[in-house]
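Okay, structure first, notes after.
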């Protein structure tokens, strides 16, 4: 299964077009994210892309029975390509990081790296829907835990102005 996934990703990279999917302006929207593989929480996030920075920002709030998790993430897309120009369908792949605080018993702090990969659909030039996975590897402080990992699913929308 891993080999098939790697071959599929390489095929998409090789056959992908060079057209950028995301506009150059400011993108703002919301997203829902949930951790299904590592037992993390589910929550909402603000998605923000400023034209002066090549980073896609996320401000996350996740809750579960025992507490609240607040985090900031930033991702740089190294691949941002159109798959089907006529349909406005594209894909992205990048690297980024996150830092977060857990308000629970015990409280904690977390930081680590992310690797977002996903699909982006722009039915019109100012509105985007996206679906992605963001595998992450990090460190938890207080209590110390390494490695921590997760594979959040992110579903969201952005308006580009």
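Yes or no, residue by residue, for (1) touching a strand residue (DSSP E or B) at 6+ places or on another chain (Cβ under 6 Å); (2) modelled with pLDDT of 60 or more; (3) more than 23 Å from residue 137 (Cα to Cα):
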residue	(1), (2), (3)
3	no, yes, no
6	no, no, no
9	no, no, no
12	no, no, yes
29	yes, yes, yes
32	yes, yes, no
48	yes, yes, no
61	yes, yes, no
Selection status of residue 137, under 16 Å from residue 32 (Cβ atoms) and over 12 Å from the mean Cα position of the chain (by Cα): no
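Residue-by-condition table, conditions (1) within 25 Å of residue 145 (Cβ to Cβ); (2) touching a strand residue (DSSP E or B) at 6+ places or on another chain (Cβ under 9 Å); (3) at pLDDT 95 or above; (4) part of a strand (DSSP E or B):
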site	(1), (2), (3), (4)
71	yes, yes, no, yes
74	yes, yes, yes, yes
80	no, yes, no, yes
92	no, yes, yes, yes
95	yes, yes, yes, yes
99	yes, yes, yes, yes
103	yes, yes, no, yes
106	yes, no, no, no
111	yes, yes, yes, yes
So, in the stretch 131-161, exactly how many residues are part of a loop (DSSP other than H, G, I, E, B) and closer than 24 Å to residue 77 by Cα? 4
Give the stretch 43-69 a look and list any residue that's over 11 Å from the mean Cα position of the chain (by Cα), assigned to a strand (DSSP E or B) and within 18 Å of residue 25 (Cα to Cα), or say none. 46, 48, 49
For residue 96, the lone unmet condition from (1) over 12 Å from the mean Cα position of the chain (by Cα); (2) surrounded by 14 or more Cβ atoms within 10 Å (Cβ to Cβ) is (1)
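The values are calculated or read from the model by the stated rules, or taken from the named source; none is laboratory data. A quick note: this is a predicted structure, and the numbers were derived from the prediction, not measured. Every residue, glycine as well, gets a Cβ built from its backbone with ideal geometry; the counts of neighbours run over all protein chains shown.
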